[in-house]
1. Report yes if some residue within the range 472-484 is buried (at least 20 other Cβ atoms within 10 Å of the Cβ), touching a Ser or Thr at 6+ places or on another chain (Cβ under 9 Å), in a loop (DSSP other than H, G, I, E, B) and at pLDDT 95 or above; otherwise report no.
2. Just give me the residues in the range 270-291 being under 22 Å from the mean Cα position of the chain (by Cα), more than 12 Å from Leu159 (Cβ to Cβ) and assigned to a strand (DSSP E or B), in sequence order.
3. Name the residues in the range 75-99 that are more than 13 Å from the ligand (Cβ to nearest atom), under 23 Å from Ile423 (Cβ atoms) and among the charged types (D, E, K, R), would you?
4. So how many residues does the range 256-275 have that are touching a residue at least 40 places away in the same chain (Cβ under 8 Å) and open to solvent by 10 Å² or more (accessible area, probe 1.4 Å)?
5. Return the residue satisfying two criteria in turn: it lies in the range 212-255 and is exposed (fewer than 15 other Cβ atoms within 10 Å of the Cβ) and at pLDDT below 95, and of such residues it is nearest to Ala387 (Cα to Cα).
6. Can you pull out the residues in the range 40-74 that are more than 8 Å from the ligand (Cβ to nearest atom) and open to solvent by less than 20 Å² (accessible area, probe 1.4 Å)?
7. Mind checking whether some residue in the range 7-26 is at pLDDT 90 or above, within 10 Å of the ligand (Cβ to nearest atom) and buried (at least 18 other Cβ atoms within 10 Å of the Cβ)?
8. Can you list the helices (runs of 4 or more DSSP H) found entirely within the range 1-80 that contain at least 2 residues being under 30 Å from Arg287 (Cα atoms) and in contact with a Ser or Thr (Cβ under 9 Å, 6 or more places away or on another chain)?
Amino acid sequence: MTFSAIHPDPTFDRAQMLRRLADETFDVVVIGGGITGVGVALDAATRGLKTALVERDDFASGTSSKSSKLVHGGLRYLQQGEVRLVYEALHERQRLRKNAPHLVRVLPFMIPILTKDGVVSRKIARLLGSSMWMYDLTGGWRIGKMHRRLKRDAAFEHLPTMPKERLASAYLYYDATADDARLCLTVARTAAAAGAAIASRCGVVSIGKDASGRAESVVVAADGNEITVRTRMIVNAAGVWADDVRALAEEQHPDSIRPAKGVHITVPWAKVRNDIAVVIPVPKDKRSLFVVPWGPLPDGTFQHTYVGTTDTDFDGDVDDPLCTEADLDYVLRALNASVTTGITADDVTGVWAGLRPLVKSASSGRTADLSRRHSITTNPAGVITVAGGKLTTYREMAEDTVDQVCERLDIRARCVTKRKRLIGASGFREPTAGSPAAHLALRYGGKAAEIESLIASDPTLAEPLLPRLPYVRAEAIYAVRAEMATTLDDVLTRRTRARLFDRRATVDHAAEVAALIAPELGWDAARTAAEVDAYLAACAEEVAAVTAVVAVAAVPETTVSGDTTP
Ligand SMILES: Cc1cc2nc3c(=O)[nH]c(=O)nc-3n(C[C@H](O)[C@H](O)[C@H](O)COP(=O)(O)OP(=O)(O)OC[C@H]3O[C@@H](n4cnc5c(N)ncnc54)[C@H](O)[C@@H]3O)c2cc1C
């Protein structure tokens, strides 16, 4: 049977979704296709509500593709006294591991204990030890392994680029990781399979109200047309744009979100050589960064290591957060204080910058100290806004939100997402670590069979999509046929994560990838060229921000990856 004979996913067809948005009346329309919005759509659809979700760009194109990619309680939130948040997050971590075992993977973490002038601070070691116990007791144990202390030599093996003379010992504990954009897309597809009408590139431009002032519809712009979507309730899950959406139905812009920028950088793994994630301190700042290996290879090594995150107030254009030269310096300085390989801007192969949609509090402290708990508010027009929270806790945020939707609609329907397996969980078999099969299995789970069937119909699709990266050509085809990718950037940045890890490879081969997907998307030569131009311009802007070159269109002389073109 050919791939097209078994249509990849008829429940996730954008044209069909747009027709449904125009024709049907929904119980709830969710605005925003980040992890919060897709979580709400899944919860609502699986409770039997007639559900729609509209995303103005691509799924996860906001913050949900730019996180640290950890499904965790967050040791540092315990240190800030947020015991309940950590307890709930660790519970969610466990549920996600069961419901999406292909995507949410256990990741060991090491916290090195360093000496200062040859002496270990007993106070720091004791504090860290108690935090470890608390983390385990708060729910860390659910992962099946407790923390332990590592001797100096064992710790050094996990990060052999450390200055060994400063290393005293370390703590090892366990958390989990997931490709954030893929998790978001998978939740969206699961919601669609449960009956939700979900469309990307479908932004809300206005909210319609009835005579009593209650919101009763949203108008979305899609493909140059406007569609009025009729609904009984609206959930605003627009992340850092949530205030802008609220302003469509309120007299004033509410100004309730405080965006905090966080950046990550990617370097070749050989420069760091960590076989597990490591938490490193930032000198002269009471913060730490994660150093995470990415792209496992069959010999136990990795392709890249990414490092982040910063946490700073952001008052720029929320549509376009960028990693600046100062951000890069901050991360490199911290990294070089913990490794001896002298990593420079020229080693950096990728960067990403995201905005945390933190809810403003009375205190005006650092964004790093603001709570990661979520808030749910309802405005006089009846629009429910859910904001804040974490990738890890999206399911719980969704449950709380849909409880309120049901209450307002006077519907009794229990949440069923605690045990709802996400698409790909069924048919997933644990692969051999680092094998070629593992790459597909850990991205698509049981759906990897659909990629394999594509390859069976055309063996050239087994060839690499880009040099130095694990993706195959079939994945780009699958992205546009089955995963609602509609642009070159969707394929290179979110369906694959190629741009985050090796921007140079994507820039060099953007035209080839565009030519591969063009027939699938019905692009003519002009449209294909425009897609490539748009992608290169976005990469050039990213490079320019890091190298402090102001002109966006100009190709900088030097770039963070040592390139001379973006
Ligand atoms: C640097 C960083 C690191 C992080 N690391 C972690 C981590 O490791 N683990 C963890 O648990 N959490 C982490 N987080 C937090 C987590 O990433 C966020 O809480 C989460 O992604 C927010 O998702 P969201 O859906 O609320 O927002 P978004 O993902 O931004 O989604 C909002 C969506 O709304 C859409 N939208 C806006 N306006 C409209 C409109 N008018 N019509 C239709 N759609 C619209 C946008 O296009 C966007 O896609 C991190 C955050 C940052 C910034």
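The values are calculated or read from the model by the stated rules, or taken from the named source; none is laboratory data. Computed from a predicted structure; not experimentally measured. Because the Cβ atoms are built from the backbone with ideal geometry, glycine has one as well, and the counts that use them run over all protein chains shown. The protein model used for the area step is the full one, side chains on, heavy atoms only, and it has no ligands, DNA or RNA in it. Shrake-Rupley method; radii C 1.70, N 1.55, O 1.52, S 1.80 Å.
1. Yes, some residue in the range 472-484 is buried (at least 20 other Cβ atoms within 10 Å of the Cβ), touching a Ser or Thr at 6+ places or on another chain (Cβ under 9 Å), in a loop (DSSP other than H, G, I, E, B) and at pLDDT 95 or above.
2. Selection gives Ser288, Leu289, Phe290.
3. Arg95, Arg97, Lys98
4. So the count comes out to 9.
5. Asp255
6. Going residue by residue through the range 40-74, those that are more than 8 Å from the ligand (Cβ to nearest atom) are 40-53, 73.
Val40, Ala41, Leu42, Asp43, Ala44, Ala45, Leu49, Thr51, Ala52, Leu53, Gly73, listed by residue number.
7. Looking only at the range 7-26, we keep the residues that are at pLDDT 90 or above, and these are 12-26.
Filter once more, keeping what is within 10 Å of the ligand (Cβ to nearest atom): none.
Scanning the range 7-26, I find no residue that is at pLDDT 90 or above, within 10 Å of the ligand (Cβ to nearest atom) and buried (at least 18 other Cβ atoms within 10 Å of the Cβ), so the answer is no.
8. Working: elements: 14-23, 35-46, 75-79.
Counting at least 2 such residues, we get 35-46, 75-79.
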